Every structure is written in structure tokens, then in C-alpha cells.
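Below: the structure, in C-alpha cells.
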Amino acid sequence: MNLFDVYPINNIIIAKAKGSYVWDDKGEQYLDLYGGHAVISIGHTHLHWVQRIEEQLKKIAFYSNSIKIPLQEELATKLGKLSGKEDYQLFLCNSGAEANENALKLASFHNGRKKVIAFSKSFHGRTSLAVSVTDNKNYIAPVNETGNVIFLPFNDEQALEDCFKKQGKEISSVIIEGIQGVGGINVANEDFLRKIRSLCDQYGAVYIADSVQCGYGRTGKFFSHDFAGVKADIYTMAKGMGNGFPVAGIIIAPHIKPKHFQLGTTFGGNHLACAAAIAVLEVLEQEKLLGNAVMVGKYLKEELSNIPELKNVRGRGLMIGFDVPESLKDLKKNLLMHQKIFTGEAKPNVIRLLPSLALKKRDAEDFIDALKEEIAVMSGSNNEPAVTEVNA
Ligand SMILES: Cc1ncc(COP(=O)(O)O)c(C=O)c1O
């Protein structure tokens, strides 16, 4: 049987990983500034995370949500404390798309409405509702098409206000990434997020903060929406939550009440997933990784801004993007092939950095040196065409 060929991939087999490094099957070492689509939050194979999972595996790996799972409560308490959302309620699932799917559905159950506002360049996942609020026609199959989604320009307060004025009573929810990831590291303006909050309050719509990529401490605050000083009604989380163990969830404001059977899952919140997620929160706290993300992120942004070929350096904490000129369009590929550094990309010609939040300053320094070297080499030579990559 062949694999279903849905991704163009790099011809590299990763055999081992530790912290911010991975090694291929020939023993070659790579610096990982991408964390496999922003997933590695506390570092590859962190000892505490491995131990927690191992210990749990020996006790019980899975039982369904038909019984009490105290680990879920332990996770909810710890998550509430670290995120500053102690009065919220946790629902656990398995992936970012599923988290958004549940958030959109719950919002619609809550206010009985159908329409959703989403924004240009958004990415919210590939399941039916999640993909319908994703601004990329190539991902939307005819069966996913719905007349319920209104796309508005990102960061455009006037367009948002006009839309609410026209159809405010029909709007069920507004879904927005605090920083767009796949769209190219586009930071939502704080005023824009505050405007969403006030319009949702005024018209009874639900504010959904997609924090799948920009959440879980990556920006230096637990949720990037926190920078605007607003509280969303639902936050969706996935990627960094399990440091590679598949676990996701939504946290829900207290005024949205649960009703039996509206949401459900077989695998979501299983014992092993909870153990992995608790371990991540413990490490984030003990090793003060949000502070590290701010410190190393600041260093990286300053250094990147001083490289004249790179434009529009942006982002927060360890979620950083910058534009590369057409002449350096192969930079990402060359960083991987020549400098042995994994980075991410977004179309067209944006490089995304999404490393572990435990990235050390000296690793960031090595990256800057390698980047300068590669740019110098490329500026004086012709290059082969780039491999096209589609990111999750
Ligand atoms: C902001 C955002 N939301 C949702 C998703 C979908 O997550 P998953 O691939 O786990 O379904 C992604 C994935 O890249 C994402 O970046």
C-alpha cells in the first residue's frame, strides 16, 4: 500500500530528538526552529514529559469519558492557574481543527445563530466547519461550502463594525487567531481585538480566540489575545499543549453553560494525553519558559531587524516571521540543506520561526550567524528552484 500523497516533503528521516535539536538517520544534527509546525513547546523528548508519560502508560493509557478521569481535573486546575482563566471550563479533544470545530458548534448551540465572521488569511484547520472559516479556497471541498461564513479583512475595524451593524443579530461567533500563523505571522492589532470584544458583547456573539498556534505561552503571554487585555469567550488550543503528544482542547467562559451530549469525543482527554499535557504545564512553569520566549524572541527580532536583506520582521515571543526578497526565495531550503536548520515558511516568501520555548540564546546566536552566512553566499550565486511546502 502507498501513502496518500498529500504533502511535498523534505527527504530527511529524523531518528532522534532532544531539546532544540534533531538528528537524522545518518547522525547529522539539525537545529529545530520549527518544532514540526509549532508543536514542540518545552523541547523534544523533555525528561519530565517522558517520565510522566511512561509512568502513566504503566498504569492505564486509555479509558473513555464514561468514567471519572481525575487527571482531567488536575489538568483543568493547572491550566486555569497558568492561563489566568480559573473560572473557565475545559473540554478536551485531539487536534486543532477539532478544537475549532467544537468551539464554533458550541457558540451556535449557545446563541442559536448560524453566521460566523472569519478573516482574510485565516487558517483554522481542515475539518468541515474549521475549513469553511479558513481563507484558502484550495482546502475547501464542495461539501464544506456553506453560506454561513463572512470573510472580512484582517485588522479592519470599520469593516467589522459595518458588518455587525448590518447583520449583528445573525452573527453566532467571530473566530480569530491572535497572530495568524499559516497566513504569515500577522499580528492582530490590540484595538481590533478590543473592537471584536465590544461588538460581540453588544450583539450577543461569541468571541473565539484560535490559540492553536499562537497560544500556550509561545508569545510570552499564555494567550496572545491577553496582550489586548480582553477575555475571549472560548479559547482553542492544540499544538504546544502536548509537546507532540496529540491533545487539544477548548476553554469556555462561565456564562456558556454545558448541556449533555452537545459535545463529545472518544479519545479526547484520555489518561495518557492528560499526563502529557500536565507535564508540559509543569515544565512551562518550573523552567519559566514564557519568560525565556520573551527574552530569546527579543534577541532574535533585534538581530533579524539588523539584517538589511530581511524585511518586516514581526511577531511576538518565539513566534516570529520576516519577508525575504525574491532573490532569496530559496533561503529556507538552503538553511536546511547547507546550515542544517529547520525553519517554517508561509506564502509568498515569508520565513516563520516557531522553535521550542526553551530555545537557548546561544542557539539563537548560532542561527543568526548561519543565516548571515547563507545570505552572503546566496547573494553571490545562482540557486536551484525551491521545494514548495504546504504547512498544517
Ligand atoms: C491557528 C490554527 N488553527 C488550527 C489549526 C489546525 O490544527 P490541526 O492541524 O491540529 O488540526 C492550525 C494548524 O496549523 C493552526 O495553525
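Each value in this text was obtained by applying a stated rule to the coordinates, not by laboratory testing. Just so we're clear, the structure is a prediction, and the values are computed from it rather than from any experiment. Note that we place each Cβ from the backbone using ideal geometry, even for glycine, and neighbour counts take in every protein chain shown.
In nm, give the distance between the simple-model label positions of residue 362 and residue 105, each being 7 Å from the Cα along the Cα-to-Cβ direction.
So the label points at residue 362 and residue 105 sit 4.9 nm apart.
Suppose R0 equals 22 Å. What FRET efficiency, 1/(1 + (r/R0)^6) with r the Cβ-Cβ distance, do residue 136 and residue 37 give to the nearest 0.05? Spell out each step's value before the answer.
On the way: r = 16 Å, r/R0 = 0.72.
So, using R0 = 22 Å, E works out to roughly 0.90.
Among 26-37, 108-119, how do they line up from the highest to the lowest mean number of other beta-carbon atoms within 10 Å? Walk me through the numbers on the way to the answer.
Values: 26-37: 18.1, 108-119: 19.6.
So the peptides 26-37, 108-119, ranked by packing, come out 108-119, 26-37.
Length gain on complete extension for the stretch residue 89 to residue 143, per 0.36 nm per residue less the alpha carbon to alpha carbon distance?
16.2 nm
Quick one: work out the % antiparallel among DSSP beta bridges in the chain, nearest 5.
Numbers: 30 of 47 bridges.
For the chain, the DSSP antiparallel bridge percentage is about 65.
So if each residue of separation counts as 0.36 nm, and I subtract the Cα-Cα distance between residue 369 and residue 2, what length gain in nm does that give?
128.0 nm
Per the Kirkwood formula on distinct C-alpha pairs, the Rh of region 88-131 is how many angstrom?
Details: mean 1/r = 0.0884 Å⁻¹.
Over region 88-131, the inverse of the mean reciprocal pair distance is 11.3 Å.
Calculate for the chain the 222 nm mean residue ellipticity that helices alone would give, adding -39,500 (n - 2.57) per DSSP H run of length 4 or more and normalising by residue count, nearest 500 deg cm²/dmol.
On the way: 11 runs with 138 residues, N = 392.
About -11000 deg cm²/dmol.
With +1 on each Lys and Arg Cβ and -1 on each Asp and Glu Cβ, how big is the dipole of the chain about its Cα centre, in debye rounded to the nearest 20?
Numbers: 45 positive and 45 negative charges, 206 e Å.
Computed charge dipole of the chain: roughly 1000 debye.
Translational D (Stokes-Einstein, µm²/s) of region 47-286 at 20 °C and 1.002 mPa s when Rh comes from the Kirkwood sum over C-alpha pairs? Intermediate values should be presented prior to the final figure.
Values: Rh = 18.1 Å.
Estimated via Stokes-Einstein, D reaches 119 µm²/s.
Expressed as a rounded percentage, what relative contact order does region 217-289 have, with Cα pairs under 8 Å and six or more residues apart? All intermediate terms of the calculation are to be shown ahead of the outcome.
Values: 53 pairs, mean separation 19.6, N = 73.
For region 217-289, the relative contact order is 27 percent.
Restricting things to alpha carbons, tell me how big region 231-366 is in terms of Rg and Dmax, in Å.
According to the Cα coordinates of region 231-366, Rg and Dmax are 18.7, 57 Å.
What list of ³J(HN,Hα) couplings, whole Hz, do you get for region 157-167 from phi and the Karplus terms 6.51, -1.76, 1.60, once you set θ to phi - 60° and write x for glycine and proline?
Karplus values, whole Hz, x for Gly and Pro: 5, 5, 4, 5, 4, 4, 5, 5, 4, 6, 9.
Which lysines, on any chain, are close to residue 68 with Cα under 21 Å apart, when same-chain ones fewer than 8 places away are left out?
Once the sequence-local lysines are set aside, what remains near residue 68 is 58, 59, 78, 257, 259.
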